[in-house]
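What follows is a set of notes on a single structure, which appears directly below.
The values are calculated or read from the model by the stated rules, or taken from the named source; none is laboratory data. Model, not experiment: these values are computed from the prediction. Neighbour counts are summed over all protein chains in view; Cβ atoms, including those assigned to glycine, are modelled from backbone coordinates with ideal geometry.
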Amino acid sequence: MRHTKPARRALTGLLATTLLAGGVLFGQTVTAEPAAAKPITCNVGKLRAEAHKERDRGNKLKHLGATAEARKAFARADALERQARACEDADNNSRPPLWK
């Protein structure tokens with residue numbers, strides 16, 4: 001009877017590990033959304049207009065002496081510009097080549 005205890009523990013541990021791993025994999029496949037479920041669209045003109053407004057706001061704050069708020073406004077404007085540039089690049093790279 002002493003020889004069955006280690007084997008029983010090993011089999012129980014192996015079974016529990018298998019069930020947990022299978023449950024995790026099954027849970028990930030059920031809840032994962034497809035990559036192309038929703039196309040991401042962005043309005044480049046609107047992003048650039050918002051960036052321009054933020055830059056104007058930053059300049060006004062800078063002239064009023066609120067440098068910390070001005071830096072935040074300029075940082076937000078830079079982020080909006082980067083986002084607009086990324087959207088343009090994604091649009092340009094997603095089109096099929098002209099020679100095909």
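Here are the numbers for the structure shown:
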| read-out | value |
| --- | --- |
| Helices (runs of 4 or more DSSP H) wholly inside the chain that include at least 3 residues being among the charged types (D, E, K, R) and at pLDDT 95 or above | 44-64, 67-94 |
| When residues of the range 50-69 are limited to those that are surrounded by 15 or more Cβ atoms within 10 Å (Cβ to Cβ) and among the aliphatic types (A, V, I, L, M), the one farthest from R85 (Cα to Cα) | L61 |
